[in-house]
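The values are calculated or read from the model by the stated rules, or taken from the named source; none is laboratory data. On a predicted model such as this, the values are computed, not experimentally measured, just so you know. Cβ placement follows ideal geometry from the backbone for every residue including glycine, while neighbour counts extend to all protein chains displayed.
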Amino acid sequence: MPDNYIQNPSNTQNFNRYGYVLNNPLIYSDPSGEIAWFIPLIIGAAIGAYSGGVIANEGEYNPIKWDFKSGKTWGYMFAGGIVGGISGYLGWSIAGSGLPLANTAAIAGSSFTNSIGSYLYTGGKTSITINLGIFSFDFTKGSINFLGKKGNTFLENLGYSFGALANASDIVSLFGGGQNIKVNSASTKKENDWWGHSSITDENGNSLISVGPSGPIEKASNISETLRNSITTPETGWNTYLGDKGTWSIDLNNVSTKAINAYSLKINRWDLLINSCVGHTTRSLWSAGIPTIYAFHPHMLNLQLFIRQIGFYSSPYIYQIPK
């Protein structure tokens with residue numbers, strides 16, 4: 001059957017409706033072909049509908065206190081949801097396009113589209129703005145707003161914070177090798193990976209970071225001995241498990257593979273404490289402008305990246321929620 005959706009408009013293979021997983025089924029799987037675009041669309045629609053309800057009810061944040069007997073409430077919520085959904089899909093398309101500064105451009109495109117839509121359905125009650133990550137410009141008021149500005153609401157600073165993370169990875173990508181990548185967290189009990197495995201692959205499925213021990217870890221009677229016995233030379237060609245059942249992959253857009261490759265050349269040790277597979281994945285992401293908190297399990301790292309991506313999708317709308 002033909003695929004009903006174009007997952008990545010910048011990739012010509014996606015315009016072949018009978019093509020499957022970039023013609024590489026040995027590496028990729030795509031059970032539905034729909035989930036990637038669905039998440040930002042739903043996030044945009046949900047926040048847009050909420051924002052519409054706030055506007056219709058004179059700035060009341062608590063939905064319990066909204067007047068649901070009023071057609072204005074339902075009308076603004078419906079219009080806000082439509083505008084937000086369109087903006088979310090647009091932002092997702094831009095983020096995966098391969099453009100320079102793709103993450104920042106996605107936030108700018110979706111925020112500008114959302115603000116124009118809100119301005120139209122409210123009859124000019126809202127401002128036309130554009131968010132560029134750490135700051136935004138209000139065309140209606142002629143003002144600049146930014147992270148930490150006096151008078152900001154918590155939601156505004158939250159939106160700008162996620163925008164700042166997008167700016168950081170985009171800036172590093174300007175120095176070379178900006179690609180869409182996957183960070184993969186394999187489930188436990190995979191061959192020798194008794195704790196699970198963390199890896200990074202590029203947009204073609206090639207391994208960028210996948211580090212394991214060069215030999216078996218000796219058994220020990222306590223944690224101290226286990227950590228000491230785990231110190232070994234690394235094997236940098238470890239299985240990434242991309243596409244395997246139980247592997248959780250997070251897509252990151254416009255990441256500097258040059259920075260990740262530069263880090264990979266410095267890997268000279270593997271151990272269970274800070275130089276494990278997830279340790280090397282974490283530090284390579286830091287080198288590419290993607291900060292995370294070090295976590296011992298690959299799933300904990302991917303959870304942080306998942307929240308980061310949700311924040312990117314949400315940030316164009318969060319700061320626009322009326323005060």
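Here are the numbers for the structure shown:
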| quantity | calculated |
| --- | --- |
| So T126, is it in contact (Cβ under 8 Å) with a residue 24 or more places away in the chain, buried (at least 17 other Cβ atoms within 10 Å of the Cβ) and touching a Phe, Trp or Tyr at 6+ places or on another chain (Cβ under 8 Å) | yes |
| Checklist (1) over 24 Å from T104 (Cα atoms); (2) crowded, with 17+ Cβ neighbours inside 10 Å; (3) without any contact (Cβ under 8 Å) to a residue 60 or more places away in the chain applied to L265, failing item | (2) |
| Odd one out for F38, checked against (1) touching a residue at least 24 places away in the same chain (Cβ under 8 Å); (2) in a helix (DSSP H, G or I) | (1) |
| The lone exception for S118 - which of (1) in a helix (DSSP H, G or I); (2) surrounded by fewer than 23 Cβ atoms within 10 Å (Cβ to Cβ) it fails | (2) |
| Tabulated pairs, region 169-197, first farther than 19 Å from S210 by Cα and not assigned by TED's automatic domain parsing to the domain that holds H297, second surrounded by 14 or more Cβ atoms within 10 Å (Cβ to Cβ) and modelled with pLDDT under 85, C-beta under 6 angstrom, 6+ apart or interchain | none |
| Those residues of region 129-175 which are surrounded by 18 or more Cβ atoms within 10 Å (Cβ to Cβ) and over 28 Å from A288 (Cα atoms), in sequence order | T129 |
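Table: residues versus (1) farther than 30 Å from S207 by Cα; (2) among the small types (G, A, S); (3) at pLDDT 95 or above.
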{"position": "Y20", "(1), (2), (3)": "no, no, no"}
{"position": "N24", "(1), (2), (3)": "no, no, no"}
{"position": "G44", "(1), (2), (3)": "yes, yes, no"}
{"position": "G59", "(1), (2), (3)": "yes, yes, no"}
{"position": "K69", "(1), (2), (3)": "yes, no, no"}
{"position": "A79", "(1), (2), (3)": "yes, yes, yes"}
